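Reading through the structure tokens given below for one structure.
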Amino acid sequence: MGKIKDKLIDWKNRLKDRHMLSIIVVLFTIIVILGLYTYKKQREYRQASENSYNMAFFEVVDYIGNVEVYLAKSLISNSPESGAESLSNVWREANLALSFLTQLPIETNEIEKTSKFLNQVSDYSYSLYTKNLKDKELTDEDMSNLKDLHEYSVELENTLNQLSADINDGRISWGELTKKGNTAFAKQVSNISQDSFDNLEQTFHEYSGLIYDGAFSEHITRAEKVGLTGENVDEEQAKNKAKELFDNSSIKEINSYGKSEGNINSYNFGFTFNDDSSATVSISEKGGHVVYMDRNREITTEIISQEEADQKAKDYLKNHGFENMKETYYLKQSGIVTINYAYVQDDVIMYPDLIKVKVALDNGEILGIETTGYLNSHTKRKLSSPKVSVEQAKNSLNKDLNIESQELAVIPTEWKTEVLCWEFEGNIDGLDFIVYVNAETGKEEDILIITNTPNGTLTH
């Protein structure tokens, strides 16, 4: 009897031990899970903060780039009205850059310099803006100060681009900068960035008085699409129009995606080809015009020259009913060149009538076309003779501009109208530009800054 009692007590003790062990295991598991959850949440928070700081920094870089562009335009302008617009844009973009700069989690000497510059350029540009509004011309001292500000903005932009490279390479951690401040900044940035900031400090001035698609690519949206001609087509007719864009023997399959209603009502199709590449096509309901085509395939070599690509694009446009088109701007990316074309009527460039064409640089194949601007705006214009001669228009420009070419052009305005202008292309102090002067009134209508890069010609 005693042995049975001893066994029962022993079994009871073991049960207790196992019960305690289970409790310990459960508690430990809960602690581990809570720890992992907390760590995950902290990591997500740090990553969200890092992303937020990165976004703020890149907004600063973008707005400072806009400040540089508008300062350049203010140097070129010779009209108080146009100058006032550029200077108001400088004031706005500088303030926007400053607002994002304050979101960064560190105060360093470098950031203080940037903040000081933005405050000064904002105040000074606003003072000149109000001067222009009173129809007063800027003095030589004003222009000299603007030139200094522009030169500094270029240096600052280049320096911040170097810092962007450090951020993209993972050298900059905003969390570390928050904890350690200037010391961490000095250790984390590359020698290139540190040297850039050192040069920035040496060239900083105290001012006592103290923006690819090409130009006009934001097409005018009209209630009446004057470029859409012809009778309405049904889906089957639209599909046949889409097939005309390709070699039929290369088509494996066509899918219809129905009709979309918007700026231009269109039928949409998806193509699959024998080489497993694909394309999307939109054909307008009215007239059966191609609105959009984009073909995706891999490009590994570039053997077609820019001149050859331009000629192939022009031939393609002509074969599809788009004649008298002149190339304006282009951009090369990933083995493809996108070229903007504008319609020409009686030797006058019609910038509202824009078409974009994508050309593959391995074999010259047309990989894309977009005709929205042309279909919105294209019509035969009644062009009047200019009331302002080319010499009168040229005399109204800044006397320091070096004019290299001039011609007539029709440009769109922000009020959804068109205006005939003299287009002057030239340079000043290493800046390439285009100035548009109203051929009816002699008023300066617009200024574009041209950036020539190995990959294309861009305008701001």
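The values are calculated or read from the model by the stated rules, or taken from the named source; none is laboratory data. What you see is a predicted model, and the numbers here were worked out from it, not measured in a lab. No Cβ is skipped: glycine too gets one built from the backbone with ideal geometry, and neighbour counts run over all protein chains shown. When the accessible area is computed, the model is the full protein with side chains, heavy atoms only, and any ligands, DNA or RNA have been set aside. Shrake-Rupley method; radii C 1.70, N 1.55, O 1.52, S 1.80 Å.
A few remarks follow.
- Scope the range 295-310; condition open to solvent by 90 Å² or more (accessible area, probe 1.4 Å), assigned to a loop (DSSP other than H, G, I, E, B) and either within 20 Å of Glu327 (Cα to Cα) or not β-branched (Val, Ile, Thr) (or both); matching residues: Glu298, Glu302
- Residues of the range 449-460 that are outside any strand (DSSP E or B) and touching a helix residue (DSSP H, G or I) at 6+ places or on another chain (Cβ under 7 Å): His460 alone.
- The residues on offer are Lys332, Lys382, Lys358, and the sole one that is of a type in the set (Lys, Arg) and closer than 30 Å to Glu444 by Cβ is Lys382.
- For the range 276-294, the tally of residues that are assigned to a loop (DSSP other than H, G, I, E, B) and open to solvent by less than 50 Å² (accessible area, probe 1.4 Å) stands at 5.
- Subset of the range 437-456 (residues that are more than 27 Å from Gln306 (Cα to Cα) and within 25 Å of the chain's Cα centre (by Cα)): Glu445, Asp446
- Evaluation of Ala56 against (1) open to solvent by 20 Å² or more (accessible area, probe 1.4 Å); (2) assigned to a helix (DSSP H, G or I); (3) modelled with pLDDT under 80; (4) not β-branched (Val, Ile, Thr) (one fails), failing number: (1)
- Among the candidates Val410, Val390, Val419, residue that is hydrophobic (A, V, I, L, M, F, W, C) and open to solvent by 30 Å² or more (accessible area, probe 1.4 Å): Val390
- Top-ranked residue in the range 93-117 [being part of a helix (DSSP H, G or I), among the charged types (D, E, K, R) and in contact with a helix residue (DSSP H, G or I) (Cβ under 9 Å, 6 or more places away or on another chain); ranked as modelled with the highest pLDDT]: Glu93
- Given (1) buried (at least 22 other Cβ atoms within 10 Å of the Cβ); (2) hydrophobic (A, V, I, L, M, F, W, C); (3) more than 29 Å from Val437 (Cβ to Cβ), index of the condition Ile76 fails: (3)
- Taking every residue in the range 279-292 that is closer than 13 Å to Lys239 by Cβ and pairing it with any residue that is of a type in the set (Gly, Ala, Ser) and open to solvent by 10 Å² or more (accessible area, probe 1.4 Å), at least 6 positions away or on another chain, the pairs with Cβ-Cβ distances below 7 Å are Gly288/Gly230.
- Condition met for Asp446 (open to solvent by 40 Å² or more (accessible area, probe 1.4 Å), part of a strand (DSSP E or B) and out of contact with any helix residue (DSSP H, G or I) (no Cβ under 6 Å at 6 or more places or on another chain)): yes
- Qualifying positions in the range 293-309 - among the polar types (S, T, N, Q) and over 24 Å from the mean Cα position of the chain (by Cα): Thr300, Thr301, Ser305
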